[in-house]
Each structure stands twice: as C-alpha cells, then as structure tokens.
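Every read-out reported here was derived from the displayed coordinates using simple, explicitly stated rules and does not represent laboratory data. Computed from a prediction, not measured in an experiment: that's the story for all the values here. Using ideal geometry, Cβ is built from the backbone for each residue, glycine included, and neighbour counts are taken over all protein chains shown.
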C-alpha cells in the first residue's frame, strides 16, 4: 500500500492519507464517548440537584461510573490519540509509522471502550471511575480498560516511531515544533500512565476472576493513582500544546521563547507524575516526608511550569497582536482579539478557567494539611471539572472547530451558534466548578446519592447554603449540558451534512518542511508584553489570597496530631 | 515562525529571554518555594497535622479492641439500633469502626482533652468526614490509623461517610458528642 499525501488547500497542512483516516476515526470515537458521557452527566446532575433527585440510588451510581469513565478515559484519550497522530505525521510532513498496526490498535481501543461500557450498563460494575478494591466489578469491566490501554500504548509507540522516521527521512530541519514537543511530553507521560494502569489492573482482573485472593486496598490506591492522576497529566500536556497550536493558527503567534516553553515541558516530564500523591494525603500508611515531597511535585516545579505556560501562551498572542499594530494601552491586543472565532474563544476561556479555577484550587487542596478540608468532598469534582472540562475539553472543542474544515473537508454548519457555543458551555462550566467547590467547602460529599440522608438513623443536616450551591450546580450544569450537546450536534451534523469543501491536491511524495531563511542579525526585537504580566499578577494575587484563607480556616479546626 | 513549525532559528536555545518573562519566572519560583516551605512550617508550628501512625490489623482484632472499649465505658444507647454511646476517659484510645452502613459506636468526648482516635473499616473503604468541622480522612480495611484529636468546641458532630461504599452509602452517618 503506497503512502499518499493530501495538501489541505485551506490550511496548507499536509496529511498522510492513512493518518488522516485514523485521526478522523479517533475524533469520531472520542465524540461518541463524549455523547454517552454527556447523557450520563444529565442523569448525575438531575439526581444531585436536591430539588429534582431523579434517579434511584443504584441507577445513580451506575450512571456516575459510566460518566466518569466515558469522559475521563475514553473521550479524552481517543481525542489525544488524534492529537498525537496530528502532531507527529502532519506537523512533521511525514508518513505515519506502521499504519496497519495503528488501525489494529485503534480497533482494540474501541473494543475495550465498548466492553467496559457493556459491563457498566449490565449494572453489576458500579464501582466508580476509581474501582477501589475490595469493591468488585465484573471481569470484563477491567478487561475492557486493559484492552483500551494496550491500544493506546501501541499508538504512543507509533507516535515515537513516526518521530524517528521524520528524523531519518529528513522531512523537517532543526528541532521538532513546540506543539510536537508538547505532544511528546504527553506521550511520555501516557506511557508511564499506562504502565501504572497495567501494574494494578491486571492483578485486579485476576482477582475478579478468582485467581488472586486479595488485593490490599492501600496498595491499590497508591498504584491506581499512578494511572488515575497521570492520565489527567496527559491532558494538561496535550491541552497546553493545543493552546500553543491555536495561538499559532489564529494569530501566527510565535512562542516568546522556545527555550522557556520547552524547559517548562521538560519540568512536566520530570515532576508532574509525583502529583499522584494528591490523592493519598488523607490516607494512613505514608509518611509526611513522602507526602510533602510528592504532593508538591518536588517543590512545586510542575506548578512553576504551568505558571510559565500560563504566561507564555497569552504573551505570544500579545506579541503577535502588537506586531499587527494593536498597541494602545495595556489591553487593546486582547480587546481586538477575534472573540467571535470559536477556536480562539474556546482556547482563551480554557486558559483562564484552567489557571484561575482549576490551577489555584488544585494547588490549594494539594497542600498536605489543607487536603483534609477537601478530601472526597464535592470540591474535588469541582476542581477537576475546571481542569478537565474547562481546560481540556474546551480546548479540544476549540481545536475541532478548526479540524472540521481541514480534516473532514466540511464547512461548519450554524456559524452563529458556533460563535456563542464556547461561552455557553465554558462560562456555565465556570459557574458549575465554582459552586461545586463552594458546596465542598461546606463539606458536601462527592459520589453521594442523597444529601438529605434518607433512611439514616442519625441524619446530618447540611447548612442551607450547601443546598443552594447544589441547586445552582444543577441549574448551571444543565446549561453547560445544552452547550455541550449543541457542540456535539453541530459537529456531527457538519461532518454528515456540511457543505463539502475542496479536497486539495493528492500526491505520492511528501513535500518536506522548509524553513524561511532566518532574518539576518536575528529577529527584530519582539514587543514587550505588559498586558500579559498584569494578567499574571492578578492571577498570582488571587492565588496567594485564596491559599492563605484556607490555612486560616484550617487553623480553627480541632487539634490533630 | 510559530509553535506548529520547527523553530526558525536553529540555535533557539541561545535566544535571550524576554525581561518580563524572566521576571514572571522568578516570581513564580519564589511562590513555588514559599508553598513548599509552608507545609513544613505547619508541621512545626501548626496544630492540624494528620498523623501517619498506622498499624496492620485484621478485622477480628480491630473489632475485639473496639468491643473492649465499648464494654468498659458505655453510658447509654441511642436510636432504634441501640448504638452504644461511649464516654472514655480523656487521653485514652478510642476505636471507631466503619462498616456497611454505619459508624460504630458513638463517642462522648470532653472539650480541649486529647484522645487517640483509631480508624479502620470492616469491609470496603469508607470516608471519615467530620461535620460541620469538615475534616476528611480515608479509612481502609486491615489498617489501624491512629490520630490524636483535641476537640476545641462543644457540640454535636456528625460523621458522614464520603467514600462510596455501595447502595446504602447515604445512610452511613455516625456521631460524636463534645461536652
């Protein structure tokens, strides 16, 4: 089978035809997982909304398990596989390594995803996303996850293989692009993640089949979180890469400094994984030294990296805009940004929400002692809806607006809706994250069917404010679900019925990437970015205030030693 | 020229770093180190640090220790389920069982006195969530976690289970009195 390449007439990107089909497969599989997860979200939220309390307890826990797994694993990892293929073969103008194996791996992933979903909906595997032992699911729940992970692992290695081919066949000059470097970071973290998953899920599968007598619950949590938390770190690396990509695509923005951005990614590779400890801070058995070093990503070096990305991405945009002449005052560059372009607005809402809501809350509750205020309360899902939904999902949605014409060769239908969709979905999610964190601060539990404790001999009465927060969670989640469902509908209808766009030239040899000759005497000095620094300082002020308010709160509690 | 292309200048690592970018990196580094020191500082000067004292145990052994305390210090029973209310002397070891679906027994403690609270689960994992204090601790089967607690306010406190433990999870609420 000879490799052919298509040059997209709209973006100038060059796609290996087989890689392009694989990307479409993963994008579609991801969106279908999002659809299932989204329907489940409706069930979850209409039950946790105290005034509605829709589902029975057993259905609720089943639906919640499906929501977690379809969103956090299947939607995101399918999409990330498309990102890996894009960042290697497309951005490097290279053929994809072993396309047939890639297809086999992709089909394995799909089989795994279906198998685990079947297990969940058969009703005897309502063990939540985390499937903590000694609570047991049916064997095919675990097997599905393992097959999915094996498929993903193979694609990670195909990504690495493609980088090797690109280097060997000299399809680009110099270093790989920053976005590919970010994808490489995500890939390295993914390999670590999947290894962690295999170490714990294979024995758990054997235990569910009766070959192993017992799995220690503490060991399970330690090893499981090597997968569970790391899988979310893949997202961070991937969506930061997408922020850089969208800034480049929409503004032609150039990284402020390749050195700084790449070093920040390197800090991710070195330290991000340690944060698995975030989940174990309120557990017995680990020492405080272990907790402090790991939970802080060894002195917060990964937080440092995120704070760097959080500044360099808008900084690159500010530089690009100032070069175009938007130079008035601190913020003209931002005011005159294309707020009606959904790729940009999604990306910017993702950046701000991830930093202000997800980042600050995550670091706060990752402090060893402060974690006691938060552990297993609904604050935790509040936090990760800010990171994974606002940060990752919204960035993926924004990129998809760009991919529909480029990859699927269709015009996006309903452009009017596309303009408002990121705000509808994104801003509603901002509120959801905030009110969930508010309810969690008052103590409301996560993964809990009834905050009124019906049937408990000694029920606890939550303060009225907690009910208010949960009511608001219900209302704004429904708005977010409308925004999310609208996006799915829009993308699916566009792919099926959107106006067909020109295919572009197909050729049998790739055009290698050539770089413009460097400007003699180095590039002109890029403009300064005072606006971005002001935004960053506002962020830091919010961070410091919120951090110490929580220590103050902690100091009022019972003495614990 | 952009993040989706290879760096235009092949020797990109020799580019000088923008002054504002440098400033931000320095600020972020200082803040990162501050937060790191904060946790250590609290271990030395703070009064709320979760103990790590933990022993391997068995369900039978832990249940027997709990029963011994209950037999010795029970002052009355409460609710239809006749849950014992146990009033141990200040400073003693008190054992709390988490199981499907209750926290057993109820303790009655004195304000500003210190007790050694033991936590363990009999079946699945459970979540010790003391309300309205909002102190949350993971409880494992086969591990005995020992925490020195000093209640600083009188009142009736609830222990909500906040680790999912099956269909009756929401009915799992216990109680501690502080007088």
What does the convex hull of the Cα atoms of the protein assembly as shown come to per residue, in Å³, rounded to a whole number?
150 Å³
Could you grab the relative contact order for chain B? Cα pairs under 8 Å, six or more apart, rounded to a whole percent.
19 percent
Which of the peptides B:56-64, A:113-121 is most tightly packed, and how do the rest follow, going by the mean number of other Cβ atoms within 10 Å of each residue?
A:113-121, B:56-64
Here the percent of antiparallel bridges among DSSP beta bridges lying wholly in region B:54-178, to the nearest 5, is 70 percent
With everything on Cα atoms, drop me the angle between helix A:178-208 and the longest principal axis of chain A, reported from 0 to 90° to the nearest 10.
40 degrees
Tell me, what is the FRET efficiency for residue A:290 and residue B:61 to the nearest 0.05, using R0 = 22 angstrom and their Cβ-Cβ distance as r?
0.25
For region A:470-519 (alpha-carbon point model, no solvent) the Debye-based log₁₀ I(q)/I(0) at q = 0.17, 0.20, 0.30 Å⁻¹ works out to -0.74, -0.83, -1.06
For region A:230-266 and region A:281-353, write down the distance between their C-alpha centroids in whole Å.
10 Å
Counting partner chain Cβ atoms within 10 Å of every residue's Cβ in B:51-57, what's the average?
4
Restricting to the protein assembly as shown, what percent of DSSP beta bridges are antiparallel, rounded to 5?
75 percent
Chain B - mean residue ellipticity at 222 nm from DSSP helices (-39,500 (n - 2.57) per run, n ≥ 4, rounded to 500)
-8000 deg cm²/dmol
Distance from region B:111-133 to region A:82-101 (C-alpha centre basis), Å
52 Å
Taking only C-alpha pairs under 8 Å that are 6+ residues apart, what is the relative contact order of region A:9-251 in percent?
21 percent
Return the whole-Å distance between the Cα centroid of region A:145-210 and the Cα centroid of region A:443-457.
40 Å
Per the helix-only model, chain A has a calculated mean residue ellipticity at 222 nm (DSSP H runs of ≥4, -39500 (n - 2.57) each, divided over all residues, rounded to the nearest 500) of -21500 deg cm²/dmol
Applying 1/(1 + (r/R0)^6) with R0 = 56 Å to the Cβ-Cβ distance of residue B:26 and residue A:7, what FRET efficiency is obtained, to the nearest 0.05?
0.80
Would you look at the GNM of chain B, springs on alpha carbons closer than 10 Å, and say which of B:69, B:139, B:37 moves the most?
B:37
What shape does region B:54-178 have by the C-alpha gyration tensor, where a ≥ b ≥ c are the square roots of the eigenvalues, rounded means a/c under 1.5, and otherwise prolate means a/b greater than b/c and oblate the rest?
rounded
Show me the ranking of peptides B:12-23, B:126-137, B:107-118 by mean Cβ neighbours inside 10 Å, starting with the highest.
B:126-137, B:107-118, B:12-23
Give me the inter-chain shielding for A:531-544: mean count of other chain Cβ atoms within 10 Å, whole number please.
2
Shape call for region A:396-439 from the C-alpha gyration tensor, a ≥ b ≥ c root eigenvalues: rounded (a/c under 1.5), prolate (a/b greater than b/c) or oblate?
prolate
Sorted on mean Cβ neighbours within 10 Å (highest first), peptides A:21-28, A:394-401 come out as A:394-401, A:21-28
Using just the C-alpha positions of region B:35-82 as equal point scatterers, what log10 of I(q)/I(0) does the Debye formula give at each q in 0.22, 0.25, 0.30, 0.32 1/Å?
-0.85, -0.95, -1.09, -1.12
In whole percent, what relative contact order does chain A give with Cα contacts below 8 Å and a gap of six or more residues?
17 percent
Is region A:419-561 rounded, prolate or oblate when judged by the Cα gyration tensor, a ≥ b ≥ c being the square roots of its eigenvalues, rounded requiring a/c under 1.5 and prolate requiring a/b larger than b/c?
oblate
Give me the inter-chain shielding for A:370-380: mean count of other chain Cβ atoms within 10 Å, whole number please.
5
